[in-house]
Amino acid sequence: AQKVTQAQTEISVVEKEDVTLDCVYETRDTTYYLFWYKQPPSGELVFLIRRNSFDEQNEISGRYSWNFQKSTSSFNFTITASQVVDSAVYFCAPDFSGGYNKLIFGAGTRLAVHP
Amino acid sequence: GAVVSQHPSWVICKSGTSVKIECRSLDFQATTMFWYRQFPKQSLMLMATSNEGSKATYEQGVEKDKFLINHASLTLSTLTVTSAHPEDSSFYICSARVLGQGDNSPLHFGNGTRLTVT
C-alpha cells in the first residue's frame with residue numbers, strides 16, 4: 001500500500017528555534033515525486049518544494065532545508081530560526097501516480113511559533 | 001504568476017439546495033484541475049480530477065452524481081454540490097497544473113471554499 005505518515009500532529013516552538021517536521025512514506029515504486037506544502041490560517045496551500053525520487057541531494061532554500069533519505073523513505077523538512085510567520089500546517093504529499101499529479105496528503109503537522 | 005482563484009470563499013446554504021463552486025486559473029491555462037475536500041483539522045482528500053473537455057475522473061467513494069464537475073474551458077472548472085446535506089459541510093479546495101509545464105509540476109491551489117449546509 002502507498003501511504004504517507006506525518007507522525008507529529010502539533011509542534012510548538014519559540015521564535016528562533018530550529019524545528020524539523022518528519023515525513024515517512026511507503027511505496028514499492030522506484031520513481032515518484034515528493035512535495036511539501038504550507039497551509040497558513042488563511043487556508044490556501046503554498047508550494048514549498050518538489051523532489052523526484054532519483055535526486056537525493058539535500059536542498060536548502062533560505063531558512064528551509066529538506067533531507068531526503070530514499071533508503072528510509074523519509075523526506076524531512078527543517079525550518080531554521082523559526083519565525084511567527086512560519087506558523088501554519090505543513091503537509092508532506094507524495095505523488096506515486098506516475099505523472100498524474102495525484103498527490104497523497106499526509107495528515108499534516110500544525111506548527112505554532114510563539115514570540 | 002500561476003494564480004488560482006476560487007469563488008465563493010464561503011457559502012452557507014440550506015439542506016437540499018445545490019451549490020456551485022468555481023475554480024479559475026487567472027494567468028495560465030490548465031487542462032487538468034483537481035478538487036479536494038478538507039475536514040476541520042484534517043488532511044486533504046482528493047475527490048476528482050477535472051479534465052478540460054472530457055468527463056471528470058472520480059476517486060473511489062466519491063459520488064459523481066452528488067459532486068458534479070464541469071471543466072468547460074482551459075481556465076475554469078466548477079464543482080456543484082447537489083442536494084447538499086449537513087455532512088457535505090467542508091472546505092473544498094481546487095488546484096491546477098499549468099499547461100505545458102509537464103507531469104509532476106507543482107500544483108497551484110486556490111484559496112478554498114468553506115461550505116456550510118444548515
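Can you tell me which residues in the range A:60-115 are basic (Lys, Arg) and within 14 Å of another protein chain (Cβ to nearest Cβ)? Once the filter is applied, which keeps residues that are basic (Lys, Arg) and within 14 Å of another protein chain (Cβ to nearest Cβ), the range A:60-115 yields A:Lys102, A:Arg110. Within the set B:Asn111, B:Asn104, the sole residue that is in a loop (DSSP other than H, G, I, E, B), within 14 Å of chain A (Cβ to nearest Cβ) and without any contact (Cβ under 8 Å) to a residue 12 or more places away in the chain turns out to be B:Asn104. For B:Arg97, the stated conditions hold: it is within 12 Å of chain A (Cβ to nearest Cβ), surrounded by 17 or more Cβ atoms within 10 Å (Cβ to Cβ), out of contact with any His (no Cβ under 6 Å at 6 or more places or on another chain) and among the basic types (Lys, Arg).
Which members of the range B:55-88 meet the condition of being more than 14 Å from chain A (Cβ to nearest Cβ), under 26 Å from B:Ala2 (Cβ atoms) and either among the β-branched types (Val, Ile, Thr) or assigned to a loop (DSSP other than H, G, I, E, B) (or both)? Scanning the range B:55-88 gives B:Lys55, B:Ile69, B:Leu74, B:Thr75, B:Thr78, B:Thr80.
Pairing each residue of the range B:28-55 that is under 18 Å from A:Thr9 (Cβ atoms) with any residue that is of a type in the set (D, E, K, R) and assigned to a loop (DSSP other than H, G, I, E, B), provided the two are 6+ apart or on different chains, yields C-beta distances under 9 Å for B:Met45/B:Glu59. Scanning the range A:23-46 for residues that are crowded, with 17+ Cβ neighbours inside 10 Å and in contact (Cβ under 8 Å) with a residue 12 or more places away in the chain yields a total of 12. Evaluating A:Tyr100 against the criteria (1) hydroxyl-bearing (Ser, Thr, Tyr); (2) surrounded by fewer than 20 Cβ atoms within 10 Å (Cβ to Cβ); (3) in contact (Cβ under 8 Å) with a residue 12 or more places away in the chain; (4) within 26 Å of B:Ile93 (Cβ to Cβ) leaves one unmet condition, (3). In the range A:81-95 there is at least one residue matching the filter, namely being part of a strand (DSSP E or B) and among the β-branched types (Val, Ile, Thr).
Here the condition is being of a type in the set (A, V, I, L, M, F, W, C), closer than 25 Å to B:Ala2 by Cβ and modelled with pLDDT of 95 or more; of A:Ala88, A:Ala81, it holds for A:Ala88 alone.
The values are calculated or read from the model by the stated rules, or taken from the named source; none is laboratory data. Small disclaimer: the values here were computed from a predicted structure and weren't measured. In this analysis, Cβ positions are derived from the backbone assuming ideal geometry, glycine residues included, and neighbour counts consider all displayed protein chains.
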